[in-house]
Amino acid sequence: MLNVSHAVNAYKQTVTATATPLDLVIMLYEGAIDSIDKSVTAINNKDIHAKIRCIDKAIKIIEELLYSLNLEIGGEIAYNLQDLYLHMMLELTIANGLNDASKARHVESLLKELLEGWKHIR
């Protein structure tokens, strides 16, 4: 099992090291969506530890997207994304505190919509 885990980690490092900035953004969106999906499963299963871990991971990914924005170059689009990312982080924080799967799903749907836009650009 250790060899498989090592191989998977090496593969992930190679993929991220050779990815374009657009590919990295897409991977971040996919990671956040996956984490939110897992958090909803955890909420439904009343698995508090998994819920916290998954929502925390999704928030950290969205923070990374937020910090990667260049407001000077991106202009209005970057400011709109900034507002949306902040909204998503707040909604996930509330979803975490209230065990509210619908709030998490709302953020997931926003991320999926944005992901499709990024994929279309690629």
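The values are calculated or read from the model by the stated rules, or taken from the named source; none is laboratory data. What you see is a predicted model, and the numbers here were worked out from it, not measured in a lab. Here the Cβ is made from the backbone with ideal geometry for all residues, glycine too, and neighbour counts use every protein chain on show.
For the range 85-122, a residue qualifies if it is surrounded by fewer than 16 Cβ atoms within 10 Å (Cβ to Cβ) and among the polar types (S, T, N, Q), and the qualifying residues are THR93, ASN99, SER102, SER109. Residues that are more than 24 Å from LEU110 (Cα to Cα) and at pLDDT 95 or above: does the range 15-30 have at least one? There is no residue in the range 15-30 that is more than 24 Å from LEU110 (Cα to Cα) and at pLDDT 95 or above. Among the residues of the range 91-106, is there at least one that is farther than 19 Å from LEU24 by Cβ, charged (D, E, K, R) and in contact with a Leu (Cβ under 8 Å, 6 or more places away or on another chain)? Looking for residues that are farther than 19 Å from LEU24 by Cβ, charged (D, E, K, R) and in contact with a Leu (Cβ under 8 Å, 6 or more places away or on another chain), one finds at least one in the range 91-106, hence yes.
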